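Notes follow the structure.
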Amino acid sequence: MLLDISKNYSVILASQSPRRQQLLREILPDFIIKSREIDEVYDEALKREEVVLYLAKLKSDAFGKLASNEMLITSDTIVCLGDEVLGKPHNEKVALEMLQKLSGKTHTVFTGVCVRTNSRTEVFFDATDVTFHDLTTEELKFYIHRCRPFDKAGSYGIQEWLGYVGIKKMEGEFYNVMGLPVHKLYQLLKTW
């Protein structure tokens with residue numbers, strides 16, 4: 001069932017990610033897209049889940065005070081191999097290095113979400129463990145050349161070729177890895 005909170009709120013999704021837009025559209029029929037540029041800088045002392053909570057809230061704070069009828073949804077996703085946070089690669093060399101680190105290992109994808117109105121703020125995260133098969137350099141280069149994963153944390157999108165062939169197992173929510181834990185977001189929005 002689609003949620004209809006449009007009688008009470010004008011919902012804003014603060015994300016240029018087509019994946020997040022697609023996922024939110026599956027639970028909310030009506031929202032608008034706006035975004036603000038922020039420096040995604042955080043204290044290195046933060047734990048992995050604290051990083052995504054902090055960044056989701058930082059993105060929300062960039063909008064300042066909301067109108068009484070506005071609801072803002074912000075989100076951030078990181079990929080962690082142990083305690084190392086793998087961000088978005090800025091070129092093919094970095095993307096290949098990241099994917100070689102992930103090959104044959106289990107990593108954790110964290111997504112933090114902030115939902116805010118002018119009277120209420122809720123921040124939560126979800127975590128999913130993803131294990132890759134051992135992948136050859138040729139496979140990884142093919143993926144990078146074909147899918148250009150430079151806007152993706154950890155250098156991959158689970159909904160792309162590497163997700164189809166490279167994942168050995170996954171523990172947790174698939175859509176969290178795509179960038180929006182819609183299962184948790186849906187339950188939260190039902191309480192608004």
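The values are calculated or read from the model by the stated rules, or taken from the named source; none is laboratory data. This structure is a prediction, so every number in the text was calculated from the model and none was measured. Cβ: placed from backbone, ideal geometry, glycine included. Neighbour counts: every protein chain shown.
Odds and ends about this structure:
- Residue satisfying all of: in the stretch 20-68; among the acidic types (Asp, Glu) and closer than 16 Å to LEU180 by Cα; surrounded by the fewest Cβ atoms within 10 Å (Cβ to Cβ) among these: GLU26
Table: residues versus (1) crowded, with 22+ Cβ neighbours inside 10 Å; (2) of a type outside the set (S, T, N, Q); (3) out of contact with any helix residue (DSSP H, G or I) (no Cβ under 8 Å at 6 or more places or on another chain).
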residue: LEU140; (1), (2), (3): yes, yes, no
residue: ARG146; (1), (2), (3): no, yes, no
residue: PHE150; (1), (2), (3): no, yes, no
residue: ALA153; (1), (2), (3): yes, yes, yes
residue: TYR156; (1), (2), (3): yes, yes, no
residue: ILE167; (1), (2), (3): no, yes, yes
residue: GLU173; (1), (2), (3): no, yes, no
residue: PRO181; (1), (2), (3): yes, yes, no
residue: LEU188; (1), (2), (3): no, yes, yes
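- Taken together, the residues in the stretch 83-99 that are out of contact with any helix residue (DSSP H, G or I) (no Cβ under 9 Å at 6 or more places or on another chain), of a type outside the set (D, E, K, R) and at pLDDT 95 or above amount to 1.
- Residue pairs whose Cβ atoms lie under 6 Å apart, separated by 6 or more positions or on different chains, with the first residue in the stretch 139-159 and touching a residue at least 60 places away in the same chain (Cβ under 8 Å) and among the basic types (Lys, Arg) and the second crowded, with 22+ Cβ neighbours inside 10 Å and part of a loop (DSSP other than H, G, I, E, B), do not occur.
- Count - residues of the stretch 81-96 that are in contact with a Leu (Cβ under 7 Å, 6 or more places away or on another chain) and within 30 Å of LEU188 (Cβ to Cβ): 1
- Residue list for the stretch 9-19, filter: surrounded by 15 or more Cβ atoms within 10 Å (Cβ to Cβ) and either closer than 16 Å to VAL113 by Cα or of a type outside the set (Phe, Trp, Tyr) (or both): SER10, VAL11, ILE12, LEU13, ALA14, SER15, SER17, ARG19
- Search result, residues across the stretch 33-61 that are of a type in the set (A, V, I, L, M) and either at positive phi or touching a residue at least 40 places away in the same chain (Cβ under 8 Å) (or both): VAL51, VAL52, LEU53, LEU55, ALA56
- Checked against (1) touching a residue at least 60 places away in the same chain (Cβ under 8 Å); (2) under 18 Å from ASP126 (Cα atoms); (3) of a type in the set (Lys, Arg), LYS88 passes all but a single condition, namely (2).
- Boolean, SER6 is assigned to a loop (DSSP other than H, G, I, E, B) and surrounded by 14 or more Cβ atoms within 10 Å (Cβ to Cβ): yes
- Residue in the stretch 76-92 that is assigned to a helix (DSSP H, G or I), crowded, with 23+ Cβ neighbours inside 10 Å and more than 14 Å from the chain's Cα centre (by Cα) present: no
- Hits in the stretch 125-138 - residues which are under 17 Å from GLU84 (Cα atoms) and either surrounded by fewer than 17 Cβ atoms within 10 Å (Cβ to Cβ) or among the hydroxyl-bearing types (Ser, Thr, Tyr) (or both): THR128, ASP129, THR131
- Helices (runs of 4 or more DSSP H) fully within the stretch 101-180 counting 2 or more residues that are basic (Lys, Arg): 137-147
- Residue satisfying all of: in the stretch 93-124; surrounded by fewer than 18 Cβ atoms within 10 Å (Cβ to Cβ) and among the aliphatic types (A, V, I, L, M); farthest from ASN69 (Cα to Cα) among these: LEU96
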